[in-house]
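Novice: What follows is a structure written as structure tokens; I'll ask about it next.
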Amino acid sequence: MLRERIYERLPVALQNAAVSFEGWRLKRLRFNAEFFRILAEYEKRMFASRDEVCGLRDRRIAEFVAHAAATTPYYRQSFARLGIDPQEIRGLADLARLPVLTKAEVQADSARFLSEAYLGAATVPVHTSGSTGAGLRFPAAIRGNREHWAVWYRYYRWHGIDYGTPCIHFGGRSVVPIEQSRPPFWRYNRALGQLLLSAYHLSDATAASYLAAMREFDAPWIHGYPSFVALAAGYALELGVRLNIRYVTLCAENVLPQQEDLIEAAFGVRPLQHYGMAEGVANASMCPQRKLHIDEDFAAWEFVEEPDAVTSIVGTNFANPAFPLIRYKVGDTATFDPAATCDCGRPGRIVDAIDGRQEDYIVTDKGARIGRLDHVFKDMVHVREAQLVQDEPGRMTVRIVKGPGYTDDDERRLRAEMRARVGEDVSFDVAYVDAISRTSRGKLRFVVSSLASGKIGVGTPLS
Ligand SMILES: [Zn+2]
């Protein structure tokens, strides 16, 4: 928090230097010789047979379960209680003998998931807001973190995006102070070759300046949240701005068909997507035939049928021995046909569709749209669930289900974080509820909006 306050007071040139310095630190941490070795191993398996990669996956599961049972208090106790010998878990099929783990269980007891083998070891701190808005903090093994980047770069390279390609980044980090009212609404990360756009300043009034900055930066690659990229795409069409974009990759949210159409119309390329999350329990990457292949060598992905005919994504993060998550329920649902095939030759099973994580916008009293507000809940480990409800522009209700340890301090932080993102153009109440109801398909909608302008594609020109 203090670091952020100091950052906000720096002149823009020093903010750019701070962003680049952080980029340089991350580059050294993530993209060293070990990363390129792991990437080469991953690429060797690109056209391996399904038996080969699933064999590797099963060996990693067996080793990982034994490690978790031997070095973490949670699993040590859990295996004893279940009366299961960890040695009996030899692959994906055997995992079904173990219980499914919810995020709430991990949040309530996260210290007991830490592997004793990593106590005192250098790790990478990871935090997640997740699709339900509840936060989780945990350590990632340094090698595991590099492996996570390697699986992503294997996918980028399938499409011709090599390491080092300059990128226009549509992420959720607040790189520009919210009260800033004039351009530049972006910062430069020189170390990683990124133009970082602020997700919190794009509106009718500022769109032309964003597009001019993108044109000047002249990178061939756009990467980021679909709701944000699609918003910029709408403005590019409206203002007739053309850019030389060769690749658009989307992440972190489910992609709506209207968003794909809008992005293709504006930037001339069909966007690519992968599915993944900070916990690293499941990952799938789109191949050149536009099928989503599970990265079997990175994590153990299971489809678990729920009583109400939905299929939950459940995964095991065997690349991160520092914080083992076995059969962790991601909170997203998917459509899966085990018989589906792809003629690209890649070995991973194919996911038909990810049904979770669709997002709407909150609309300010001036008509600007703000997406991806689940970032407000990043690190808020005492919030169990959150939902934003909007029935009129410039007003919303923040529904909160309190988790263990929630205090007045959490509410103060929540209000400050929310205020930092929505500014003075949206007023809000905080309402505490016992539970947040699900949709008919078992999903928790993060934003519930009755405003037509809160939904992408409605009133947005497609050509
Ligand atoms: Zn394929």
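Novice: Which condition does Arg37 not pass, out of (1) under 27 Å from Glu296 (Cα atoms); (2) surrounded by 13 or more Cβ atoms within 10 Å (Cβ to Cβ), if it passes all the others?
Specialist: So the condition that Arg37 fails would be (2).
Novice: Is it true that some residue in the stretch 194-203 is open to solvent by less than 40 Å² (accessible area, probe 1.4 Å), at pLDDT 95 or above and of a type in the set (Phe, Trp, Tyr)?
Specialist: Taking every residue of the stretch 194-203 in turn, none turns out to be open to solvent by less than 40 Å² (accessible area, probe 1.4 Å), at pLDDT 95 or above and of a type in the set (Phe, Trp, Tyr).
Novice: While we're here: Restricting to strands (runs of 3 or more DSSP E) lying wholly in the stretch 181-262: which have 3 or more residues that are over 30 Å from Ala334 (Cβ atoms) and in contact (Cβ under 8 Å) with a residue 24 or more places away in the chain? Break it down into steps so the answer makes sense when it comes.
Specialist: Values: elements: 186-189, 194-197, 221-224, 247-250.
The qualifying strands (runs of 3 or more DSSP E) are 186-189, 194-197.
Novice: Can you give me the ranges of the helices (runs of 4 or more DSSP H) entirely in the stretch 53-139 with at least 2 residues that are closer than 12 Å to Ile326 by Cβ and modelled with pLDDT of 95 or more?
Specialist: Hits in the stretch 53-139: 73-82, 92-95.
Novice: When the residues of the stretch 310-364 are narrowed to those that are basic (Lys, Arg) and away from the ligand (no atom under 15 Å from the Cβ), which ends up modelled with the highest pLDDT?
Specialist: Arg327
Novice: In contact with an Asp or Glu (Cβ under 8 Å, 6 or more places away or on another chain), modelled with pLDDT of 85 or more and under 26 Å from Val126 (Cα atoms): which single residue out of Val398, Val376, Val426, Val430 fits that description?
Specialist: Working: Val376 fails: modelled with pLDDT of 85 or more; Val426 fails: under 26 Å from Val126 (Cα atoms); Val430 fails: under 26 Å from Val126 (Cα atoms).
Just one listed residue meets the conditions, Val398.
Novice: Would it be correct to say that His223 is closer than 23 Å to Val447 by Cβ, modelled with pLDDT of 95 or more and away from the ligand (no atom under 16 Å from the Cβ)?
Specialist: So His223 passes the test.
Novice: Further question on the same structure: Looking only at the stretch 289-302, filter to residues that are touching a helix residue (DSSP H, G or I) at 6+ places or on another chain (Cβ under 6 Å) and of a type outside the set (Asp, Glu); which one of those is farthest from Val330 (Cα to Cα)?
Specialist: Phe298
Novice: Here's something else I'd like to know. With the requirement that a residue be farther than 18 Å from Val351 by Cα and open to solvent by less than 30 Å² (accessible area, probe 1.4 Å), what does the stretch 270-287 give you? Walk me through how you get there before you give the answer.
Specialist: Keep residues of the stretch 270-287 that are farther than 18 Å from Val351 by Cα, which gives 270, 278-279.
The one that is farther than 18 Å from Val351 by Cα and open to solvent by less than 30 Å² (accessible area, probe 1.4 Å): Glu279.
Novice: Residues of the stretch 306-325 being out of contact with any strand residue (DSSP E or B) (no Cβ under 6 Å at 6 or more places or on another chain) and under 17 Å from Ala353 (Cβ atoms), which ones?
Specialist: Passing the criteria: only Ala309.
Novice: Taking the stretch 189-208 only, how many residues are out of contact with any strand residue (DSSP E or B) (no Cβ under 9 Å at 6 or more places or on another chain) and closer than 18 Å to Arg242 by Cβ?
Specialist: 2
Novice: Okay, next question. Going residue by residue through the stretch 15-29, is there one that turns out to be free of Cβ contacts under 8 Å to residues at least 24 places away in the same chain, under 22 Å from Gln180 (Cα atoms) and not assigned by TED's automatic domain parsing to the domain that holds Asp410?
Specialist: Yes, because at least one residue in the stretch 15-29 is free of Cβ contacts under 8 Å to residues at least 24 places away in the same chain, under 22 Å from Gln180 (Cα atoms) and not assigned by TED's automatic domain parsing to the domain that holds Asp410.
The values are calculated or read from the model by the stated rules, or taken from the named source; none is laboratory data. Computed from a prediction, not measured in an experiment: that's the story for all the values here. Note: ideal-geometry Cβ built from the backbone for every residue, glycine included; neighbour counts use all protein chains shown. Note: areas computed on protein heavy atoms with side chains; ligands, DNA, RNA excluded. Shrake-Rupley method; radii C 1.70, N 1.55, O 1.52, S 1.80 Å.
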